[in-house]
Each structure stands twice: as C-alpha cells, then as structure tokens.
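Just so you know, all these numbers are worked out from the coordinates, no wet-lab data involved. Please read all numbers here as calculations on a predicted model, not as lab measurements. Positions of Cβ are generated from backbone atoms using ideal geometry, with glycine treated the same way; all protein chains shown enter the neighbour counts.
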Amino acid sequence: MITVKNVSMKFDLGIEKGNSFKNKFIAIFDRKRRHKKEYFWALKDVSFEVKKGEVIGLIGSNGAGKSTMLKVVSGVMKPTKGKVTIEGSIAPMIELGAGFDSELTARENIYLNGAVLGYSEKFLNSKFDEIVEFSELKDFLDVPIKNFSSGMIAKLAFSISTVVNPDILIVDEILSVGDIKFQEKSLNKMMEMIKGGTTVLYVSHSLESIRELCDRVIWLDHGEVVKMGDTKKICDEYYFKQMGVPYEEKKSKKKKKKND
C-alpha cells in the first residue's frame with residue numbers, strides 16, 4: 001500500500017532571512033555568515049514498506065522527522081530525494097483545522113474543509129448530520145469558529161476527516177483532541193476503521209497508544225531510521241533510552257531478578 005524508498009527531505013532555513021536588506025548588508029561584511037549553509041535534512045535516506053491492513057507507528061523525540069514523514073507520504077510535501085508510492089485512496093489527518101476559515105461558521109466550514117479534502121457537495125449533504133452528531137457541536141453550527149476553543153475546532157475537523165473510509169489513514173496525534181469523552185470516541189472510530197481493513201501510518205508521543213494500536217514500529221532520530229520492527233521491543237528500547245537506562249542492562253537486571 002505504501003512504499004517509501006530512499007526518501008530525504010531538506011529544508012532551507014535561510015530563504016526568508018536572505019531577502020531582507022538588513023541581512024544582505026550584514027552578509028557583505030560577515031564572510032562566515034555569507035558562506036554559512038542554513039539548511040538541515042529533516043529526513044535522511046528513509047525506506048520502509050507498509051502492507052495492506054497494517055498499522056505502523058512512528059516514534060521519536062521532537063524534531064525526529066515524524067510529522068515531516070507523514071506530510072511526504074500524504075503528498076503535502078515533495079521529497080528532496082527518493083520516491084513514495086501509494087496504492088489506494090488516502091486521508092491525511094495532519095494539523096486538524098488547517099483548512100478552516102475563522103470568519104466562517106461551523107456549518108460553512110464543514111463544506112469548505114470538505115471541499116479541500118476532495119468531498120463533493122452531494123456527499124457532504126448526505127453526511128452532514130453524521131458529521132454534526134459526531135462532533136457534538138449541533139448547538140454551535142451557526143457560530144463563527146473564531147469563537148471556538150481549540151478543542152471544539154479539533155472535534156469539528158476530526159469529524160469531517162473521518163466521515164469517509166479511506167484505504168490509507170495518515171494520523172498525527174489526533175487521539176489527544178477534545179475532552180476525555182471525545183478522545184474515547186476518536187479511539188473507537190479509529191479502531192473501527194482499522195478493523196475494516198484501513199491501512200494506518202500513525203504518529204504519537206504516547207507509547208501506550210502505539211503499543212495498543214500498532215503492528216510494527218519505526219523509530220526515527222534526527223531524520224534517520226534507528227530501528228523498525230516489533231512494537232513492544234522497539235517501544236521498550238526507545239523508552240529506556242529516553243529515561244537514560246541502557247536497554248540491555250535493564251533486560252539483564254530483569255533476568256537476574258527472575259533467577260533469584
């Protein structure tokens with residue numbers, strides 16, 4: 001379903017800086033600054049495959065390249081190097097609410113955001129009540145979303161994004177949106193899609209949800225793949241590293257305690 005082959009992504013940090021008169025003037029007299037390369041590689045030669053129906057988790061600290069990888073796979077960004085091949089329809093749930101207009105009402109944004117996601121007006125008309133019911137925002141449909149809390153906006157965006165059953169679901173931390181009750185609804189909705197055979201690429205800082213949902217895990221660090229494979233093993237290794245405890249040492253202590 002998803003094939004990522006030797007993908008690298010470079011960001012140029014100096015594009016905006018170099019356009020100002022002040023920075024150009026300083027660069028004339030600052031030789032080091034003039035020749036400094038202001039870019040970084042968010043992804044470095046990443047390769048992996050996701051089979052139909054698999055749920056693959058991406059873990060790593062902030063800046064590891066997880067969200068960038070999702071944007072490349074979903075087509076939001078074009079990789080600097082490498083190739084991504086997708087088989088089937090794809091629904092990216094990244095930066096929920098990014099396609100909203102704050103001056104428009106919730107009702108109007110359902111149609112606006114739905115159009116951005118590629119839904120027809122006829123389809124949105126048929127699914128309108130379902131979207132509203134799931135979002136729990138029936139009493140706020142004609143309120144401009146600039147008056148919404150961030151949780152309300154996330155609820156609306158999630159409800160619109162999940163009204164379809166795509167072949168591939170790209171998920172970035174969405175299970176933390178809204179209140180506890182809505183988080184439970186979000187998890188149940190995602191589980192329903194997974195059981196229906198949807199292939200999922202999932203990013204989360206919650207190792208608990210990664211362990212619960214994912215068949216395999218890819219551990220990224222500074223844009224490179226550290227390890228990929230068994231969910232429990234890699235999550236344990238990652239956790240112990242974040243805590244500053246060597247994984248092998250921890251394993252040996254467990255064995256010793258068991259023998260005693």
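Quick look at the values:
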| read-out | value |
| --- | --- |
| Candidate aspartates and glutamates for bridging to Lys83, where Cα separation is under 13 Å - those fewer than 8 sequence places away on the same chain excluded | Asp45, Glu49 |
| FRET efficiency, Lys146 to Lys5 (Cβ-Cβ, R0 51 Å, nearest 0.05) | 0.75 |
| Filter on Lys5/Lys127; Lys78/Lys227; Lys81/Lys227; Lys5/Lys185; Lys195/Lys232; Lys127/Lys195 - keep pairs with C-alpha separation over 28 Å | Lys5/Lys127; Lys5/Lys185 |
| Overall form of region 102-192 per C-alpha gyration tensor (a/c, 1.5; a/b vs b/c) | oblate |
| For region 95-165, size of Cβ-based charge dipole, Lys and Arg +1, Asp and Glu -1, in debye | 100 |
